[in-house]
Every structure is written in C-alpha cells, then in structure tokens.
Amino acid sequence: MIKTALGNPRTQNVTIPLFAILIALLVGAVVLLALGKNPLGAYYNLLQGSGLAPKESYAGHKSMLTDFMSFLSYLTPMIFAALAVAVALRSGLFNIGVSGQMLAAGFVASITVGYSALPAPLAKPLVVLIGLIAGAAVGGIIGFLKYRFNINEVVSSIMLNYILQYVCSFFINTSFVNPVSRQSQPVSAASRLTLVDTVVGDLKMDIPLGILMALAAVALVKFLLDRTKFGYEMKAVGFSNSASRYAGIHVGKNIVMTMILSGALAGLAGVTYYVGYFGSIQPRTLCDTGFDAIAVSLLGNSNPVGIIFSSFLITLIDKGSTYMSSAAGVQAEIADVITGVILLFCACTAYIKYRVARAEEKEENQ
C-alpha cells in the first residue's frame with residue numbers, strides 16, 4: 001500500500017512529505033510511550049498550545065483566539081525564512097545564514113527606527129524597508145564571495161552568522177541593553193509589526209501585521225519562480241552551471257541576484273521576528289527560526305505554496321511544545337525529535353523515490 005501511494009511521480013511531491021510526517025509522528029509516539037505518556041494526549045496538547053484546540057482554562061482576557069493570533073505572529077517569520085531558503089535552493093545554493101541575516105535586519109531596523117519617535121504610519125513601512133535592505137545586503141555579500149572568489153556559500157554564511165552575532169551583541173551590551181531583561185531595549189509600539197495587547201471585545205490579543213505580507217510574498221515568489229525569465233534562469237543554474245553558461249546565462253550575476261533576493265526575504269523574517277513577534281533582541285543568540293526554515297523548505301519541496309503548509313506544521317510543533325511540556329509533563333525536546341525525524345526523511349526524498357522505482361521495476365520484470 002505504501003508503494004502504491006508513493007509510486008505515482010505526479011503526486012510524490014505531496015505523498016513523500018506526508019509519509020515523512022507520519023513516520024515522525026509514529027517515532028514521537030514510540031518515544032512518548034517509552035516515557036509512559038499518552039501520545040494522543042501529548043499531540044492534542046500541541047494543538048492546544050497553538051490555539052487550534054481549546055484549553056481547560058484561560059487567564060483573564062485570553063482565549064483560544066488569542067493563542068491562535070500569537071501562533072500566527074510566530075508563524076509569520078517562519079514563512080519568510082523558509083522562502084529565503086527555497087529561493088537559494090532554486091539556484092543550487094544553500095543559504096544556511098538565514099538566522100544571521102534575520103539578526104542583521106532586526107538589529108539595524110531596531111536602532112534606526114525602533115528606538116525613534118517616528119509615528120506608526122511612517123515607522124512601520126520604514127522598518128519593513130530597512131529590514132529588506134539589510135537582509136539583501138548580507139545575502140549579496142555571500143553571493144558576491146561565491147561569484148568573485150568561488151567561496152562556498154555554506155562556509156561564508158556560517159562565518160557571517162558568527163560575525164553578525166558577536167558584532168550585534170557588542171553594540172547591544174554596550175549601548176542598547178535593558179538592565180532588567182539583559183536583552184536589547186524593546187522597540188517602540190509605533191514601529192512594532194505586531195500590535196501587542198490589542199483590545200478586541202473582552203480579549204487582549206497580539207495581531208501580526210506581517211502575516212498578510214508573508215502571504216503576498218508567497219504569491220510573488222511563486223510568480224517569480226514559475227513565470228519569469230529570472231526564475232527560469234535560476235532553475236537552469238540550479239541544474240547545471242556549465243550548461244547554463246553554454247546557453248548564454250550569466251551564472252555569476254544569477255548567483256548574486258539569487259542571494260540578494262534570499263537575503264531580502266530573510267530580512268523580512270528578521271523584522272517580523274525581532275521588531276514584531278519578540279520586540280527585542282537577545283545578545284549572543286541566533287534565533288532557531290532561520291535553522292528550522294531549512295526543514296520547512298525541504299518539507300514543502302521548496303515550493304512557495306507547500307511552504308505555507310509546512311511552516312504551519314513545524315510552527316505548530318514548536319509553538320505547542322511549551323504547553324505540551326507543562327500539561328503532559330513531557331520534555332519540550334520531544335518536539336525537536338519530531339522535527340528532526342521529519343527533516344531526516346525529507347532529506348531522503350531522492351532515496352525513497354529510488355527505492356520505489358526499483359520495487360516497481362522488479363515487479364515488472366517478474
């Protein structure tokens with residue numbers, strides 16, 4: 001039955017990720033059973049922690065809706081970050097520096113606009129614009145190093161991660177630290193991309209303004225990749241640099257432009273995280289979103305539409321793990337195990353397709 005479900009080449013981009021999710025949930029269930037916990041109850045706690053199922057009780061001015069809006073606020077940077085990874089993969093590049101690009105965008109936007117007295121109608125668009133430019137600049141550096149000096153983008157992006165992490169930490173600790181939280185000073189409400197504690201009826205909820213931008217970015221990236229000359233050239237370069245050069249495509253220019261676009265999307269992830277969901281920056285720490293985005297992009301087959309659903313799932317597991325830990329007495333790291341198994345099986349997509357094809361060949365030859 002599994003071979004029949006996975007054997008159709010037209011549906012493998014959907015069925016194989018679903019198979020990976022199923023295997024991951026089963027592995028998680030085995031681990032939970034070994035710990036003496038009820039897997040179904042623990043998974044239901046994940047839904048409760050993400051606002052997709054009701055909890056037994058809520059604090060004042062809170063409800064399932066407020067939990068879900070917080071979930072959307074956390075989901076927004078994940079979509080942008082996964083799009084950044086997917087765009088780079090389209091040209092055969094691996095942007096592992098998304099977290100660093102997010103940090104650069106969040107830091108620059110915070111110190112230029114977040115700490116200013118600008119009114120909201122001016123501050124919020126400026127935050128988006130500055131974050132986009134800052135992320136694109138870092139991505140462009142990685143692309144230029146790849147094009148001009150043939151420096152592997154994985155190496156340069158990892159090194160830039162460390163450089164940005166410690167440079168930003170230095171300035172935060174020396175000039176912008178909050179003496180109580182030991183994080184950077186919170187940005188102004190006027191510049192923040194999440195409307196915090198907004199009163200709606202009897203509820204106080206966080207309304208993420210960036211979620212609409214994220215969905216618009218999905219549509220734009222989908223159009224760019226599938227309907228434009230640049231998207232075709234990106235795909236060609238991803239298949240073969242030498243063949244692309246023979247066809248007249250400027251490979252170096254394509255690499256740089258791809259990394260600029262990838263960095264710009266990572267920058268939007270950064271501002272929606274640091275100047276949106278979180279509101280400040282923790283020194284000497286890179287957020288996990290940039291690394292989880294790799295799993296999200298792979299799970300969504302680097303397809304912008306698929307990334308919406310994979311972002312939703314991975315964010316659900318991550319966001320709901322805290323409540324699962326407190327409600328079921330299960331370590332939050334179990335959620336990381338599930339995410340890791342999903343990533344492992346998604347990384348084995350080509351091998352799974354190969355094994356299914358071999359099994360079909362054997363049946364035909366018998």
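The values are calculated or read from the model by the stated rules, or taken from the named source; none is laboratory data. Remember, it's a predicted structure, so these values are computed and weren't measured experimentally. Glycine also receives a Cβ, built like all others from the backbone with ideal geometry; neighbour counts cover every protein chain displayed. With ligands, DNA and RNA removed, areas are computed over all heavy atoms of the protein, side chains included. Shrake-Rupley method; radii C 1.70, N 1.55, O 1.52, S 1.80 Å.
Cβ separations smaller than 9 Å between residues 6+ apart or across chains give the following pairs from the stretch 36-55 residues that are farther than 18 Å from Asp67 by Cβ to residues that are open to solvent by less than 20 Å² (accessible area, probe 1.4 Å) and outside any helix (DSSP H, G or I): Lys37/Val330. May I ask you to list the residues in the stretch 284-298 that are touching a Leu at 6+ places or on another chain (Cβ under 7 Å) and either at pLDDT below 90 or of a type in the set (Asp, Glu) (or both)? Selection gives Ala295, Leu298. Taken together, Ala29, Ala86, Ala104 contain a single residue that is out of contact with any Phe, Trp or Tyr (no Cβ under 7 Å at 6 or more places or on another chain), surrounded by fewer than 22 Cβ atoms within 10 Å (Cβ to Cβ) and not in a loop (DSSP other than H, G, I, E, B), which is Ala29. Screening Asn161, Asn150 for residues that are under 20 Å from the mean Cα position of the chain (by Cα) and of a type outside the set (Ser, Thr, Tyr) leaves exactly one candidate, Asn161.
Considering (1) touching a Phe, Trp or Tyr at 6+ places or on another chain (Cβ under 9 Å); (2) open to solvent by less than 20 Å² (accessible area, probe 1.4 Å), say which one Ile294 fails and leave the rest. Just one mismatch for Ile294, condition (2). Checked against the criterion of being open to solvent by 60 Å² or more (accessible area, probe 1.4 Å), more than 21 Å from the chain's Cα centre (by Cα) and either at pLDDT below 95 or within 24 Å of Lys124 (Cα to Cα) (or both), the stretch 214-224 contains not a single residue that satisfies it. For Pro179, the conditions (1) part of a loop (DSSP other than H, G, I, E, B); (2) surrounded by 13 or more Cβ atoms within 10 Å (Cβ to Cβ) are fulfilled apart from (2). The residues of the stretch 244-263 that are assigned to a helix (DSSP H, G or I), over 29 Å from the mean Cα position of the chain (by Cα) and within 13 Å of Tyr232 (Cβ to Cβ) amount to a single one, Ser244. Suppose the filter is buried (at least 19 other Cβ atoms within 10 Å of the Cβ), on the phi < 0 side of the Ramachandran plot and in a loop (DSSP other than H, G, I, E, B); does Leu286 pass it? Against the criterion (buried (at least 19 other Cβ atoms within 10 Å of the Cβ), on the phi < 0 side of the Ramachandran plot and in a loop (DSSP other than H, G, I, E, B)), Leu286 qualifies. Does at least one position in the stretch 113-125 carry a residue that is of a type in the set (Ser, Thr, Tyr), modelled with pLDDT of 95 or more, open to solvent by 60 Å² or more (accessible area, probe 1.4 Å) and over 18 Å from Val256 (Cβ atoms)? The answer is yes; a qualifying residue exists.
Quick grid of which residues meet (1) part of a helix (DSSP H, G or I); (2) of a type in the set (Ser, Thr, Tyr); (3) over 29 Å from Ile294 (Cα atoms); (4) out of contact with any strand residue (DSSP E or B) (no Cβ under 9 Å at 6 or more places or on another chain):
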| position | (1), (2), (3), (4) |
| --- | --- |
| Gly135 | yes, no, no, yes |
| Phe144 | yes, no, no, yes |
| Ser157 | yes, yes, no, yes |
| Leu160 | yes, no, no, yes |
| Tyr166 | yes, yes, no, yes |
| Ala190 | no, no, yes, yes |
| Val196 | no, no, no, no |
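Selection of first residues in the stretch 91-104 that are among the acidic types (Asp, Glu) and of second residues that are open to solvent by less than 10 Å² (accessible area, probe 1.4 Å) and part of a loop (DSSP other than H, G, I, E, B), restricted to Cβ pairs under 9 Å at least 6 apart or on distinct chains, gives an empty result. Scanning the stretch 309-333 for residues that are closer than 19 Å to Asn38 by Cα, crowded, with 22+ Cβ neighbours inside 10 Å and hydrophobic (A, V, I, L, M, F, W, C) yields Ile317, Met324, Val330. Is it the case that some residue within the stretch 170-182 is modelled with pLDDT of 95 or more and under 23 Å from the mean Cα position of the chain (by Cα)? No, the stretch 170-182 contains no residue that is modelled with pLDDT of 95 or more and under 23 Å from the mean Cα position of the chain (by Cα).
When Gly92, Gly139, Gly131 are checked against the criterion of being within 30 Å of Ser244 (Cα to Cα) and open to solvent by less than 40 Å² (accessible area, probe 1.4 Å), Gly139 stands alone in meeting it. Of everything in the stretch 318-331 that's aliphatic (A, V, I, L, M) and out of contact with any Leu (no Cβ under 6 Å at 6 or more places or on another chain), which residue is modelled with the highest pLDDT? Filtering first and then ranking leaves Ala327. Of all residue pairs spaced 6 or more apart or on separate chains, none has beta-carbon atoms under 6 Å together with a first member in the stretch 132-144 that is farther than 14 Å from Ile96 by Cβ and modelled with pLDDT of 95 or more and a second member that is among the acidic types (Asp, Glu) and open to solvent by less than 10 Å² (accessible area, probe 1.4 Å).
Residue by residue through the stretch 32-60, note down the ones that are of a type in the set (A, V, I, L, M, F, W, C) and open to solvent by less than 80 Å² (accessible area, probe 1.4 Å). First the steps, then the outcome.
The initial filter retains those residues of the stretch 32-60 that are of a type in the set (A, V, I, L, M, F, W, C), namely 32-35, 40, 42, 46-47, 52-53, 59.
Selection gives Leu32, Ala42, Leu46, Leu47, Leu52, Ala53, Ala59.
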